[in-house]
Amino acid sequence: MANVMDTLRARGFVKQTVYEEELYEKLGKESVPFYIGFDPTADSLHVGHFMQLIAMKHMQDAGHKPIILIGGGTAMIGDPSGRTDMRSMMTKETISYHVECFKKQMSKFISFEGENGAIIVNNADWLLNLNYIDFLRDIGVHFSVNKMLTAECFRSRMERGLSFLEFNYMLMQAYDFLVLHQKYNCSLELGGDDQWSNILAGADLIRRKEQKPAFAMTFTLLTTSEGKKMGKTQKGAVWLDENKTPPYEFYQYWRNTADADVEKCLKLLTFVPLEEIYALCEFKDERINRAKEVLAFELTKMVHGEEAAVSAQNQAKAAFGGGGEMPEKVIPADTKTVVGALVACGICKSNGEARRLIEQGGVSIGEEKVTDGNALIPDGEFILHKGKKVHVKVVRA
């Protein structure tokens, strides 16, 4: 069995581990049940989840069994990691709906069939009926408050105030790992590096309570070379749901990746062989655009299918006129309507021409056709289309 840790290291995933040599040996000689947790805080996964999905597939392809833990119980508390405020709590019905949406999207990446087919579990099944006194006696006894307060996820909240509700989160996540260990022989938890304290707590709990091996591994966070989280635009998150982020916008997000970030994204988010990635990213001049096209096409194909990827690529090529960046126009800040934007961008010479073009069905903003010349333009930047050949990125001054 090929050792998946070699693959994950070579592609830049691994950030922190514990008992690394022991884990490496285990991954190389047996099928290891592992889990990754997902909080069902929306009805779609987004780009921030992408690395976990890809890592899960690398693990499964190497013979290991994925356990997808939906945080239906912990979502009712809220994870304080990376937060300066308190998360809003959701109803059981909302969480259940989000879980169904997740399953559909995950099936594009992970196989749910076969000997190491993935399974989905919901921690609400064991957390919602816990006896609090029993939990404190059985689990709480293994946690030091002094040690917990040194964790980054808590320290960053101490000045603004950390509720006791959120303080329980680490115990709950550690308990998840223990339950999965007992039920499915799960011995490895994976996640983003902002979850290091919580993941480590789970592995430590199993080793203390069960006297059995348990491991933690975190991945580098998906950030730009400037340290900013990827997956955000002025409109908000880049979603995997085509109704939230249409395939063309999804493609364009990756096509516009900064030169310095293309190689990293190809390694972390696609299955393009490393030798091919190095060849694509060898040049740092305009030839890097080919690498961006491969990145955008591969990711769009994985999420939306090959037909949507080909369509988005063709639309982009028309927009770029064969390969350059999409033209950008800065319009006056007081521009309000689509008609005004068409004139300000130079697409139309007059308001009358702009109105006629809209009436003929020749104008779209993003993926939506414009039918009313008095329609207001979106806040922030947007893509304005005239037919199939003129595409402009519009930015307010």
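Among residues other than LYS229 whose Cβ falls under 13 Å from its Cβ, what is the net charge (Lys/Arg +1, Asp/Glu -1)?
Counting the neighbours of LYS229, the net charge comes to -2.
Could you tell me which GluC sites (Glu not before Pro) in the stretch 212-320 are loop residues by DSSP with no more than 13 other beta carbons within 10 angstrom of their beta carbon?
GLU226, GLU282, GLU286
What value, in deg cm²/dmol to 500, does the helix sum -39500 (n - 2.57) over DSSP H runs of n ≥ 4 give at 222 nm once divided by the residues of the chain?
The helix-only estimate for the chain comes to -12500 deg cm²/dmol at 222 nm.
Between beta-carbons, use under 13 Å as the cut-off and find the net charge around ASP261, counting Lys and Arg +1, Asp and Glu -1.
Surrounding charge for ASP261 is +4.
Please give the Cα centre distance for the stretch 172-239 versus the stretch 94-111, rounded to the nearest Å.
Measuring centre to centre over Cα atoms gives 19 Å.
Looking only at Cα atoms, what is the convex hull volume of the stretch 232-320 per residue, in Å³?
So the per-residue hull volume is 96 Å³.
What Kirkwood radius, in Å to one decimal, follows from the Cα pairs of the chain?
Computed over Cα pairs of the chain, the Kirkwood hydrodynamic radius comes out at 23.3 Å.
Count the net charge of all other residues whose Cβ sits under 9 Å from the Cβ of SER44, scoring Lys and Arg as +1 and Asp and Glu as -1.
Residues near SER44 contribute -1 overall.
Since every read-out is calculated from the coordinates, none of them should be taken as a lab result. Note that the coordinates shown come from a computational prediction; the quantities given were computed from them, not determined experimentally. FYI the Cβ positions are ideal-geometry reconstructions off the backbone, even for glycines, and counts take in every protein chain you see.
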